[in-house]
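Enquirer: This structure is in structure tokens; I'll ask about it shortly.
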Amino acid sequence: MAKQSIESGVICIVEDDQALGRLLLEEVRDVGFKAYRVATAEKAAQAMELDWPDLIVCDLKLPGTDGLTFLRRVRDRFPDSSPGFLIITAFGTISTAVEALKAGADDFLTKPLDLEHFMLCVKRILEKRQLRQMVAQMREFLSAESFQGIYGQSMAMRQLFGQIRQVAKAQGPVLILGESGSGKELVARAIHQESARAKGPFLPVNCAGIPEQLLESEFFGHAEGSFTGARKSRQGMFAEAEGGTLLLDEISEMPLSLQAKLLRILQDGKLRRVGENREYQVDVRVLAATHRDLDEEVRLGNFREDLFFRLETFSLEVPPLRERGEDVELLAARFLQEFALALNKQVKGFSADALELIAQYPFPGNIRELRNAVERAVTFTTDQWVRAKHLPPRMRNHQTVTKTVTGETLTNGLGWLGQSEPFLSLAEMERCYISHVLEKVGGNKRKAAIILGIGRRTLYRKLEEDLEVE
């Protein structure tokens, strides 16, 4: 989950002194924090159910439950998601401070407070808590298991992994579709590794990377002296891939004349070398990949319809990175580990602003673009964290989805709500807008929380409340 900036954190101030409570509230709000104040620990517990804080600033002496007891209860009840905790008191002693720190307080300040020191302490606690969360997140990502070298936990990828397992059991050709940089070759390798041919060779070849006049010879081989420059015979790629798998990447770039010969091999498993009359039987499974729309290529006359029908017996589509939700952070963490090791840098992870950029950016270049961006960032960082300034300018300049609803939209009958009646209660408007944002981001709660400007825990609570209402 991408973390928000420290200044967007939520602070709960528990202080029964009304004047001091208001002063602290104004101080933290003035620098951009969202904050609320209550007078007792009991009221703080109720408020936390509605708006989970990132930090609790709590007086030691309170009416009812004292600050130290409240601290212990928070730490016991929420061991994995406890907010930061700052104890303040007018009765500070060394023994009390030690007791508070042992109970789990992040710091202990005595009254009268130095407001400048207080704000430094608040920011330090929030930053420390945020870094702990990011380290834990990085460890979680790095411990994630891969499927044949492909990392992904999103529903789209889990479905793809299931499809790979199924087509790997068959013997026919497979057509792998997907945008450039989405990982089509990794999918082809996974099919090979999951198949009975796993011990045989896997040979990828880019059809767009071989000169047209050499394609037939490269694929099918040639006899010695069959053409000028053919000083010795050549087996060809089909023969090299015998017993294994041949990936024809960018199959749409293959000339029509060669497409006809490829179709013959797919139909009866026989090929003829250039300059020879006899045919050879080959045992090769063919996988084909392209980022183009082959239906359109057939319509334009650039691709044989019969070959297309033969290839699409088994067809897989690799989802673009923008549709893979939490996989973006998982892959970013993997790439960071890879490049930190390669560059011999002690980089722990991404800062909050960097994670937010990565979460919001659509990555038109898919995994390849993400990998290049992380390589650049790790190269330029000079400390233990990759920050937003280290990411490519196109990512920093990307316009995020607006968080506000324009007056024009509201005047047009709240069209984004799908409502004809503009007079709704605030609670109804909130529920409708949350649903609207979730729909626009494909149900991705992480992105929805960022757009809404709330924590994911708060979003989950609001969604649960909606279910209860229904």
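The values are calculated or read from the model by the stated rules, or taken from the named source; none is laboratory data. In this text, all values refer to a predicted model and were calculated from it rather than measured experimentally. We place every Cβ from the backbone using ideal geometry, glycine too, and count neighbours over all the protein chains shown.
Enquirer: Can you tell me which condition Ser315 does not meet? The list is (1) under 20 Å from Ile176 (Cα atoms); (2) in contact with a Phe, Trp or Tyr (Cβ under 6 Å, 6 or more places away or on another chain), and all the others hold.
Expert: Just one mismatch for Ser315, condition (2).
Enquirer: Here is a follow-up. Name the residue, out of Ile191, Ile210, that is at pLDDT 95 or above and under 16 Å from Ala288 (Cβ atoms).
Expert: Details: Ile210 fails: at pLDDT 95 or above.
Criteria check complete, one pass: Ile191.
Enquirer: Also, quick follow-up: Just one of (1) in contact with a strand residue (DSSP E or B) (Cβ under 9 Å, 6 or more places away or on another chain); (2) surrounded by fewer than 16 Cβ atoms within 10 Å (Cβ to Cβ) trips up Glu296, so point out which.
Expert: (1)
Enquirer: Tally time: how many residues in region 62-101 are more than 22 Å from Val38 (Cα to Cα), assigned to a helix (DSSP H, G or I) and either of a type in the set (D, E, K, R) or modelled with pLDDT of 95 or more (or both)?
Expert: Here the count works out to 1.
Enquirer: Could you say whether any residue in region 332-340 is at pLDDT below 95 and surrounded by fewer than 15 Cβ atoms within 10 Å (Cβ to Cβ)?
Expert: The answer is yes; a qualifying residue exists.
Enquirer: State yes or no: is Val318 farther than 30 Å from Gly442 by Cα and at pLDDT 90 or above?
Expert: It is false that Val318 is farther than 30 Å from Gly442 by Cα and at pLDDT 90 or above.
Enquirer: Looking at (1) surrounded by fewer than 16 Cβ atoms within 10 Å (Cβ to Cβ); (2) without any contact (Cβ under 8 Å) to a residue 40 or more places away in the chain, which is the one condition that is false for Pro63?
Expert: (2)
Enquirer: Here is a follow-up. For region 430-444, give me each residue that is among the acidic types (Asp, Glu) and closer than 20 Å to Pro320 by Cα.
Expert: Residue satisfying the conditions is Glu439 alone.
Enquirer: Next up: So which of Ile367, Ile451, Ile358 is assigned to a helix (DSSP H, G or I), modelled with pLDDT of 70 or more, surrounded by 14 or more Cβ atoms within 10 Å (Cβ to Cβ) and not assigned by TED's automatic domain parsing to the domain that holds Gln337?
Expert: Values: Ile367 fails: not assigned by TED's automatic domain parsing to the domain that holds Gln337; Ile358 fails: not assigned by TED's automatic domain parsing to the domain that holds Gln337.
Residue meeting the stated conditions: Ile451.
Enquirer: Report the residue count in region 71-99 for those that are under 24 Å from Asp114 (Cα atoms) and either of a type outside the set (D, E, K, R) or within 36 Å of the chain's Cα centre (by Cα) (or both).
Expert: Matching residues across region 71-99 total 17.
Enquirer: What is the number of the single condition among (1) at pLDDT below 90; (2) under 24 Å from Asn366 (Cβ atoms); (3) assigned to a helix (DSSP H, G or I); (4) in contact with a helix residue (DSSP H, G or I) (Cβ under 7 Å, 6 or more places away or on another chain) that Glu140 does not meet?
Expert: It fails just one condition, (4).
Enquirer: Moving to a separate point now. Filter region 310-355 for residues that are of a type in the set (Lys, Arg) and within 26 Å of Ala448 (Cα to Cα) and give the result.
Expert: Residues satisfying the conditions are Arg322, Arg324, Arg334.
Enquirer: Suppose we filter Leu424, Leu410 for residues that are modelled with pLDDT under 80, in a helix (DSSP H, G or I) and either in the same structural domain as Gln360 (by TED's automatic domain parsing) or over 28 Å from the mean Cα position of the chain (by Cα) (or both); which single one remains? Spell out the reasoning first.
Expert: On the way: Leu424 fails: in a helix (DSSP H, G or I).
Among Leu424, Leu410, only Leu410 is modelled with pLDDT under 80, in a helix (DSSP H, G or I) and either in the same structural domain as Gln360 (by TED's automatic domain parsing) or over 28 Å from the mean Cα position of the chain (by Cα) (or both).
Enquirer: Okay, next question. How about region 246-347: which helices (runs of 4 or more DSSP H) wholly inside it have at least 2 residues that are more than 30 Å from Tyr361 (Cβ to Cβ) and free of Cβ contacts under 8 Å to residues at least 12 places away in the same chain?
Expert: Ranges flagged: 256-268, 294-299, 305-311.
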